[in-house]
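The values are calculated or read from the model by the stated rules, or taken from the named source; none is laboratory data. Source: prediction; values computed, not measured. Cβ atoms come from the backbone with ideal geometry, glycine included; neighbour counts cover every protein chain shown.
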């Protein structure tokens, strides 16, 4: 995309995505509350089918109301965007109608959330995950095509409209096929149910606002305090770490319905057992990603868009620290959310967000991009990074000592020893004679395979081995199903 837009225009397109992300939060936690409620009503009996109809109908009409508010609010905010970011005239002209269009699309998406999560809540993620993946990739290709044809910033609005309509058609078709008894009627709207869901959802909304500020406001701060050109450079540098964080978050996101059933119905011992497994998995994967990205990201960016778009290894290192730090904290918060314990973590997240803004803006004016990232790290250390383990001990009975030493320090230290060796080896191989795509892909494949093999054997094989299908067990060094895992 950077081939068809200059740095300021590309930076503005990133700001558009941040505006979308903020507007999409204003369902006030409805989608999370709907998904959790649906997850607790999976039975194929008359009562559960009736509850599903009530939950979905209540969610759709409540979401439509919030969507109307978002559309109006976004349209009111749109005229102030050009002045807020000091846009040059050729960028300012399309910005206002684009923001209004995006606000309208986000409003429609909020109404969708009343029924879109039923597939995740009922453990049918592949039904929607596959078409969503295809639509997302088609959208990326369509964006590049439109930009290459000179459409400019409007390309992002057109693609968002395409994805909204395509997702809606897929959802409606799947609902008609797999939920023929589902009905969305105003007569099924349940105000008592709505209040019950929103009493949970409002704290998820506050947590979502805080997360958005903590993880993504850095671009708005850079755009305001520094420049839109630096937004582009920063975004490309941290793009791979953010993809990694998104993929890691999708593990917990897809597991929410199952974990909600475990912590609500199976008792504390089962919850503690599954928490330990999940935490070791997430810490191991995040540390493996940390070292692979630190080793390979600069090489990749040089091949992708050129060295001018790389902000430096120091910025990359700080972004990766944030990735690991937030993955650890959010995995703990995920179990608290599934339990329904959301008020304490949400309030602390808001405090963290406020500190993050204050420290990031202050340090950003002094130290530039690195100061903004340090603000995120410091704010987390002062708040959620220690308070989340405290809540886990209080509500799930998970000892802090066990959390720190068993789930964190062992995989962090062990994987870092291997990661440091991989980092040294990759940097030794990264030389002018081996600077093309083929050497990069070979080195990346070897480094990734080595780290994945060691992490699996040492940290994940015993805790996650029971979930491996029988036909794959011998290839992953696991005994047959009937035999216990020794070691």
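So, in segment 113-136, of the ones that are modelled with pLDDT of 85 or more and over 18 Å from residue 14 (Cα atoms), which residue ends up surrounded by the most Cβ atoms within 10 Å (Cβ to Cβ)?
So the residue we want is 135.
Please pick out the residue among 67, 74, 107, 63 that is in contact with a helix residue (DSSP H, G or I) (Cβ under 8 Å, 6 or more places away or on another chain), surrounded by 23 or more Cβ atoms within 10 Å (Cβ to Cβ), modelled with pLDDT of 85 or more and farther than 29 Å from residue 40 by Cα. Working first, answer last.
Numbers: 67 fails: farther than 29 Å from residue 40 by Cα; 107 fails: farther than 29 Å from residue 40 by Cα; 63 fails: farther than 29 Å from residue 40 by Cα.
Checking each option against the conditions leaves just 74.
Taking the options 181, 90, name whichever one is loosely packed, with under 15 Cβ neighbours inside 10 Å and either under 27 Å from residue 71 (Cα atoms) or touching a strand residue (DSSP E or B) at 6+ places or on another chain (Cβ under 8 Å) (or both).
Every option except 90 fails the conditions.
Does residue 307 meet the test of being free of Cβ contacts under 8 Å to residues at least 40 places away in the same chain and either surrounded by 23 or more Cβ atoms within 10 Å (Cβ to Cβ) or over 25 Å from residue 414 (Cβ atoms) (or both)?
The answer is yes for residue 307.
As an exercise: evaluate residue 95 against (1) surrounded by fewer than 22 Cβ atoms within 10 Å (Cβ to Cβ); (2) under 21 Å from residue 171 (Cβ atoms) and give the number of the one condition it does not meet.
(2)
For (1) over 27 Å from the mean Cα position of the chain (by Cα); (2) touching a residue at least 40 places away in the same chain (Cβ under 8 Å); (3) in the same structural domain as residue 305 (by TED's automatic domain parsing), each residue gets a yes or a no:
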{"position": "25", "(1), (2), (3)": "no, yes, no"}
{"position": "40", "(1), (2), (3)": "no, yes, no"}
{"position": "43", "(1), (2), (3)": "yes, no, no"}
{"position": "49", "(1), (2), (3)": "yes, yes, no"}
{"position": "69", "(1), (2), (3)": "no, yes, no"}
{"position": "88", "(1), (2), (3)": "yes, yes, no"}
{"position": "98", "(1), (2), (3)": "no, yes, no"}
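Test residue 302 against the criterion of being farther than 25 Å from residue 31 by Cα, touching a residue at least 60 places away in the same chain (Cβ under 8 Å), assigned to a helix (DSSP H, G or I) and out of contact with any helix residue (DSSP H, G or I) (no Cβ under 7 Å at 6 or more places or on another chain), and give yes or no.
yes
Residue 192 is checked against (1) more than 30 Å from residue 377 (Cβ to Cβ); (2) touching a residue at least 40 places away in the same chain (Cβ under 8 Å) and fails just one. What number does that condition carry?
The failed condition is (2).
Please find, within segment 433-447, the residue that is nearest to the chain's Cα centre (by Cα) out of those that are under 11 Å from residue 299 (Cα atoms) and at pLDDT below 80.
Here the residue is 435.
Residue 456 passes all but one of (1) in contact (Cβ under 8 Å) with a residue 60 or more places away in the chain; (2) crowded, with 16+ Cβ neighbours inside 10 Å; (3) within 18 Å of residue 277 (Cβ to Cβ); which number fails?
(1)
With 92, 9 as the choices, which residue is outside any loop (DSSP other than H, G, I, E, B), at pLDDT below 80, more than 24 Å from the chain's Cα centre (by Cα) and closer than 30 Å to residue 353 by Cα?
None of the others qualify; the one that does is 9.
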